[in-house]
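Data first, discussion second: the structure below is written as structure tokens.
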Amino acid sequence: MTAFLVEPATGALHGRIVMPGDKSIGHRALLFSLLCDEPVIVVGLGNGADNGRSAKAITALGATVTREGSAIRIVGTGLDRMCAPTAPIDCGNSGTTIRLLTGLLAGQPFATTLFGDESLSKRPMKRVIAPLLQMGAHITGADEGRDGDIVPPLTVGPGPTRLSALAHQLPIASAQVKTALVLASLYTDGVASITEPGPSRDHSERMLRYFGVPLTTSVSAGARGPTTTLHTAGWSRRMHGGRIVVPGDPSSAAFLLVAALLRGTGTDEVRCSNVTVNATRIGFIDVLRAMGATIEIENLDDTGPEPIADLVVSGKAAQLHGVTIEGELVVRSIDEIPILAVAAALATGTTVIKDADELRVKESDRITATCNMLRAFGVACEETPDGFVVHGTGGRLPHGGQVDAVGDHRIAMAGTVAALCAPSASRINDADNVATSYPGFVAAMCTLGAQVAHG
Ligand code: S3P
């Protein structure tokens, strides 16, 4: 089992990291390419294991994936010529792979079994399955989840000739569920609409439109939240291909930026280049700015469906102060809460995180795992049912930590950043799954001047 050994930072961090491809956008580039009628060239795909699961899945369903220099070329099957896989599909640790595939396979004329690792086998799937059943899909799973929820392995299909278009209101904002329903709706003859209570990431809407899918998004006054509408009636059912640039991952950049904010950058800077600055993903910048941080967005550009820019921290470390993180800000920074909690631990005053019950069903129970990670460094925090409270230390952490990352990549990376601010060396255990999203994390930290080694 991989551990990270982390020494306290002795000086400021500095350097430029070109961020690897965004995990969420990478999944979509791969899975949507399968549905295209023309080849797709994907530039900038990250090399995380989760994206690897989606790449293997589309191969099993009939796509050919080949390297072309630093890009990959995908020849898909189109919407209606997918092949039945010859074996169950292993989704590993990847919630996005299994949930998006469940939607994509609901309308296929064959059955597919989807399974994953120990963590994925505990994650709730009823939120995807229930609306798909209403659309006429056939899906079974194990009813062994929390509160009787359905968990993998799942068997999806065979579906009816056409699924029924649904007007569905998601009880919880979720890009994975929204995307699964949009993908299933491609196999209907009507108008599907999906409304969610908050602005979950909109990469699917942007990329599907880019590939020619007739999809609109609206936020009307008095509505419960953003509505994604898909008109399939009269659509030629063709998704054209093209070139997709996968911009860098802001969720990975968040670890490096918080490290820079906490340790300072001296006379130099820490620059994370080539990152998507899609507003649905960078709520963490709003939170950090509200805590007193200065983060600049520079060199803004467009690469097709997504805006990209450099995220820059420069100068002396500012003293951060506690804030309340709630409502839509939680939705827009859901994956960054563990690293925001590290910033809160070094801030003055108290930080309260609420409306974040979803964290309990991520790769780990991230409310418990984040609190335990902070406690390992002597930080006081309390769990609440839908979040937690962090009592900031106002400077250095009380002591070095022995962190159990519980196999969760984001807890391991957050713990590593916290360890830079401890007075003695720390050890982050069970960190293998950093490879699911950011295999280059330790190397990037070392490039910036931190002392992190594999143990
Ligand atoms: C993701 C959506 C988010 C996020 C996850 C990736 C995606 O989950 O937490 O890491 O790629 O669609 P939700 O579906 O709960 O929004």
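The values are calculated or read from the model by the stated rules, or taken from the named source; none is laboratory data. Here the structure is a predicted model, which means the values were calculated and not measured. All Cβ positions, even for glycine, are placed from backbone atoms using ideal geometry, and neighbour counts span all protein chains on display.
In region 42-57, the count of residues that are in a helix (DSSP H, G or I), more than 16 Å from the ligand (Cβ to nearest atom) and either free of Cβ contacts under 8 Å to residues at least 60 places away in the same chain or among the charged types (D, E, K, R) (or both) is one or more. One residue is enough: does region 61-70 have a residue meeting the conditions in a loop (DSSP other than H, G, I, E, B) and at pLDDT below 95? Checked against the condition, which is being in a loop (DSSP other than H, G, I, E, B) and at pLDDT below 95, region 61-70 yields at least one hit. Only one entry of Ala175, Ala192, Ala233 meets the criterion of being among the small types (Gly, Ala, Ser), within 16 Å of the ligand (Cβ to nearest atom) and either assigned by TED's automatic domain parsing to the domain that holds Pro85 or in contact with a Lys or Arg (Cβ under 7 Å, 6 or more places away or on another chain) (or both), and that entry is Ala175.
Considering only residues that are assigned to a strand (DSSP E or B) and touching a helix residue (DSSP H, G or I) at 6+ places or on another chain (Cβ under 7 Å), which ones fall in region 420-452?
Ser426, Ile428, Val452
Residue-by-condition table, conditions (1) more than 24 Å from Ala87 (Cα to Cα); (2) modelled with pLDDT of 95 or more:
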| residue | (1), (2) |
| --- | --- |
| Ala137 | no, yes |
| Val156 | no, yes |
| Ser174 | yes, yes |
| Thr179 | yes, yes |
| Leu183 | no, yes |
| Glu196 | yes, no |
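Restricted to region 1-33, and to residues there that are more than 23 Å from the chain's Cα centre (by Cα) and crowded, with 24+ Cβ neighbours inside 10 Å, the residue that is nearest to the ligand (Cβ to nearest atom) is Val6. Arg243 meets each of the listed conditions (1) more than 22 Å from Gly395 (Cβ to Cβ); (2) surrounded by 24 or more Cβ atoms within 10 Å (Cβ to Cβ); (3) charged (D, E, K, R) apart from (2). In the set Val406, Val389, Val361, only one residue is surrounded by fewer than 24 Cβ atoms within 10 Å (Cβ to Cβ), of a type in the set (Val, Ile, Thr) and in contact with a Pro (Cβ under 7 Å, 6 or more places away or on another chain); that residue is Val361.
Being hydrophobic (A, V, I, L, M, F, W, C), in the same structural domain as Ser426 (by TED's automatic domain parsing) and not in a helix (DSSP H, G or I) is true of Val352.
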